Every structure is written in C-alpha cells, then in structure tokens.
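Engineer: Pasting a structure below so you can have a look.
Computed from the coordinates by the stated procedures, all read-outs in this text should not be read as laboratory data. Predicted model only: the values in this text are computed from it and were never measured. Positions of Cβ are generated from backbone atoms using ideal geometry, with glycine treated the same way; all protein chains shown enter the neighbour counts.
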Amino acid sequence: MTESRWPSIIQGGMGVAVSTWPLARAVSRAGHLGVVSGTGIDTVLVRRLQDGDADGQMRRALAAAPWPDLVQSVLSRFFRPEGRRPGQAYVSLPKWSLDTSRSRTSLGVLGGFVEVWLAKVGHPGLVGLNLMTKLALPNLAVLYGAMHAGVDVVLMGAGIPKEIPGALDTLAQHLPTRMRCDVVGIPSAEFPWIEFEPRDFDSEVSAPLHRPAFFPIIASHSLATMLSRKANGSIEGFVVEGPTAGGHNAPPRGPKQFDAEGQPIYGPRDEVDLEALADLGYPFWLAGGMGSPTGLQYAQEHHATGIQVGTLFAFCRESGLAPTLKQSVIDAVRDQCVTVFTDPLGSPTGFPFKVASVPDTLSDPQRYRSRVRVCDVGYLREAYRDAKGRFQFRCAAEPVAAYMRKGGTVEETEGRKCLCNGLMAAAGFPQVSGDTEEAAIVTSGDGLDALRPLLSEGHEQYTAQEVLDYLTHTTLQQA
C-alpha cells in the first residue's frame, strides 16, 4: 500500500479494552485507521462470555472463526447465559508461560480473531491491532488470530519489536514462528524462545493469510533508523510517540531527573528529529499531545502523514472505558479539577506510566494502600533465571515476600501498581476477591483539557465521529 492511501488519523490502541471493536469500527468506517487493543484480549473475551454476552456479539464473531472445536470448548467452559451472580468472581485463567498449553493459547488466538473480526465486519475500512512488545508471551497467538480476521496493520510499542516483522511473514504462511523472550540479568544470546505452531490450529495446508503492515511505535529517530536496518522483515511506517501520550512512556534518555511532583523530566534528547525521520522514507504519524486541528496541521507541515490520537477517543461514547469512569473524567474536565501524573514507579515494567486522578481508583493513595497485593492475571511479569537455571516469572506488583523469594528486592516493589487488574477494572471487568472488587486505574495523555472543545454546553457525551470532525474540519470551537 502506498503512502498516499494511508489515512491522516490513527485512533490510538488503548488497552485494556478501551480501544475496543465498536470504537475501531466507527473510526474505520469513517475512512481512518481504527485500532483495537490486543492487550489482555483473551481475558477480555472470557470475561465478556462470563458476563452473559448480552448483545450476542462475542458468539456472533466466534461462529465466524475457522476453529469450531476450539469455539465449542471455550463456550462450554466460559459462557454463562445469565451472567455472573452479584459478587461472583470471574474464572481465573492460567498465566502465560514458555510452555503454555494449546487450550490456553487458543484463547489468545480467538481473542485476537474476535476483536478484529467485529471491528472489520460490514465495511471496507482499515483496522489495526495494537500490542505491547513487553507483553511478549501472548503476542504470537493474538497476531495469528487477528490475521485470520484480516487485520490490516499491526502497531507495537513499549519495547523494541524488531522480531515482529519476520513473525508476521511466517505466520502469514502458517509456519512455525518464534521470537526471543527477554530475561533480566542475562545476555540476550541466552534468551529462551517463545514458540508458536500454527499447525496446532490449522492442521491442513491452507491459503496464505494477508500479511499486515507493521508500524512500530517509537520515541526516537535513532530507534526508527535501527529498526529500518535491523528488523527481520519489512516495516511500512512509524508512529512517533512523545512523553505526553497516555499509558506507558519511554523512559527519558538523559540522566534521571524528577520535577517537584516526582515526575520524570524529559529534555532535548527526547525530542525526535523529524527531518532525520522523514529522510528514512517511511510514512509516519505523530502522537502525544497532537489531538487538535493544530496538531494535525503541525504534523503534516513537518513531513508526517498525520497524527495518532488516543485521549480524545478514550472518553468518547464508543470507547470501552467503564461508563462511570468516563463520566467522572468528563465532569472533572468541565470543572477543571483533574490531573494526570506520570508515575515513574507505578508500572511493573519499569516504564513511566500515566495515571489520571479519578476518585476511588488506584490513583487514590489510600485505595492503593488498602489493596491486598495479588498477581492473578500476570501479563506484565518479567522473566528471570533462578538458581537452578530455570526460567521463571515474577512481578514487582505481586506480594512483596513472593517477589523477594524470586530474587527481587523490596525497593523494586515500592509504589508498583497491579496494572493488569486495574486496567481490567477500568474496562468494566473487575475481578472480585471476597466481597471486594478490584479498583480501577485510569490512564490518559497529559492533555485532558483537549476534551473541552468536544464538551459544549449541554453536551454530556460525544462520539468518535465528532472527534474526527473536530480534528479534520474544526467544526467545534476550541474552549
């Protein structure tokens, strides 16, 4: 696909299940690149089924999947026609590992298929899939399912995804695919392999799948240069994400410095040389603080194809953020009483993570302190090698004693938040422990004030189409 055919706006891939299929479908139908989040999509699928799948969309998409035996197994295990009883916990899934079972892997395949299929059905628009590089164990399975549904673009950040282009090539041919699993404290040459065997799902030789375009999400032109030279397959474009974007941010490239509130300070070394990036010859989009008509104009004046926008879409009607949280943020924006904190410690990944100040969520220090630490979802665990040479997994947000038994230090646990549970809760799928629901955590870009032009008097909600109209036609007056 040539550059001229790419849209000017990419809707950000916000997880968990904020960039859900209704949002991506609305953006794609309007002629731009709608993106679904693949983060935790297997857990999202089975929790939707346990909640009764009231609109039948999960079962509709599953009926279209080319693995009827897997679909029947998943439905028999997880679908509850009447939903869960009040206070009933969700069934917990086994955590991903280097030897994840076929039945567990199948949930990743089906999760990727369902979300992309629903986003694409009924229109010819482009649909993308966003994944986190650091969340490596499920990614091959989710990619394979999404490719069966015809995903057009794969976008990946939070790491250096140089093995993904080659993985897309082999998955498209239904060939065995593997990539390295990062392990702390050992040389990269000793990293173990994450392996995926397509023939476990497609035993008969079938036609090749469409190989989607690949857009790495980067924070420096030097990383773009490296990926363009050393990735093991083709790259079709870049998303350039600045430190004001929501979710995980790349750490500052200079010495560690913090402002008076404890946020990391970014400096000149964190600014991307757009001229150098343009010289690489790839289309690229600017992200982070670009969600306005002037942002789009600035991007295009500086050689970019357009912009990626997250925050404006995160709080629109079609997003998957829990309605009560969405309204809390909108009300706080109106009252000018919401802030966003770049938490240098919050994420178990070690990357800075943006947290919006929303009442009764993990941004409240008291709510954070009162939570009993537990690691029962486990997507953000890091791999390490134990004293016997075995590869194991740990998370700095798990119980402190357990983390220390695995070779971690108490200092590494301080301030860490369980993003897996917090983000699931933010999307309306809070796990229940005893009589307590997991608290949500809401992430957002710094520029929440950018919502104000979409919130005219008496306008309590806004749609994805209104966001696109605002960005491209300036139909709404800026506040």
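Engineer: Hey, what did the stretch 73-167 get for relative contact order, percent, Cα under 8 Å, at least 6 apart?
Structural biologist: The value is 29 percent.
Engineer: Do the alpha carbons of any pairs in 95/256; 230/406; 256/326; 326/417; 120/162 sit beyond 31 Å of each other, and which pairs?
Structural biologist: Beyond 31 Å between Cα atoms: 95/256; 230/406; 256/326.
Engineer: Ranking 182, 435, 446 by Cβ neighbours within 10 Å, fewest first, what do you get?
Structural biologist: Result, fewest neighbours first: 435, 182, 446.
Engineer: Starting from the Cα gyration tensor of the stretch 346-477, take the square roots of the eigenvalues, sort them a ≥ b ≥ c, and report rounded, prolate or oblate (rounded when a/c is under 1.5, otherwise prolate if a/b is larger than b/c, else oblate).
Structural biologist: Prolate shape, in that a/c is at least 1.5 and a/b is the bigger ratio.
Engineer: Same structure, new question: Ranking 174, 302, 473 by Cβ neighbours within 10 Å, fewest first, what do you get?
Structural biologist: 473, 302, 174
Engineer: Can you tell me how much longer the chain between residue 388 and residue 261 gets when fully stretched, taken as 0.36 nm per residue apart minus their C-alpha distance, in nm with one decimal?
Structural biologist: My answer for the length gained is 41.5 nm.
Engineer: Can you give the net charge of the other residues whose Cβ lies under 13 Å from the Cβ of residue 449, counting K and R as +1 and D and E as -1?
Structural biologist: After counting each charged neighbour, the total is 0.
Engineer: Ranked highest first by average number of other Cβ atoms within 10 Å, how do 237-243, 359-365 line up?
Structural biologist: Descending mean neighbour count gives 237-243, 359-365.
Engineer: Kindly rank 327-336, 419-428, 253-262, 33-42 from highest to lowest mean number of other beta carbons found within 10 Å of each residue.
Structural biologist: Most protected by this proxy first, the peptides run 33-42, 419-428, 327-336, 253-262.
Engineer: Tell me the label-point distance for the pair residue 225, residue 180, using the 7 Å Cα-to-Cβ offset, in nm and rounded to one decimal.
Structural biologist: For the pair residue 225/residue 180, the computed spacing is 2.1 nm.
Engineer: Same structure again: Report, in whole Å, the centroid distance computed from the Cα atoms of the stretch 368-418 and the stretch 96-126.
Structural biologist: So the two Cα centres are separated by 28 Å.
Engineer: If a/c stays under 1.5 just call it rounded; otherwise compare a/b with b/c (prolate if a/b is bigger, oblate if not). Do that for the stretch 110-236, with a ≥ b ≥ c from the square roots of the Cα gyration tensor eigenvalues.
Structural biologist: In terms of gyration-tensor shape, oblate.
Engineer: So for 418, 337, 316, fewest C-beta neighbours within 10 Å to most, what's the order?
Structural biologist: 337, 316, 418
Engineer: Is it possible to state the helix-based mean residue ellipticity at 222 nm for the chain, with each DSSP H run of 4+ residues giving -39500 (n - 2.57), the sum divided by total residues, to the nearest 500 deg cm²/dmol? What is it?
Structural biologist: After summing the helix terms and dividing by the residues of the chain, the value is -9000 deg cm²/dmol.
Engineer: Here's something else I'd like to know. Would you pull out the residues with amide H under 5 Å of residue 417's amide H, same chain only if 5 or more places away, H placed 1.01 Å from N?
Structural biologist: Amide H to amide H, under 5 Å and 5 or more residues apart or across chains, residue 417 pairs with 347.
Engineer: Specify whether the C-alpha gyration tensor of the chain places it in the rounded, prolate or oblate class, a ≥ b ≥ c being the square roots of the eigenvalues: rounded for a/c under 1.5, otherwise prolate if a/b is larger than b/c and oblate if not.
Structural biologist: rounded
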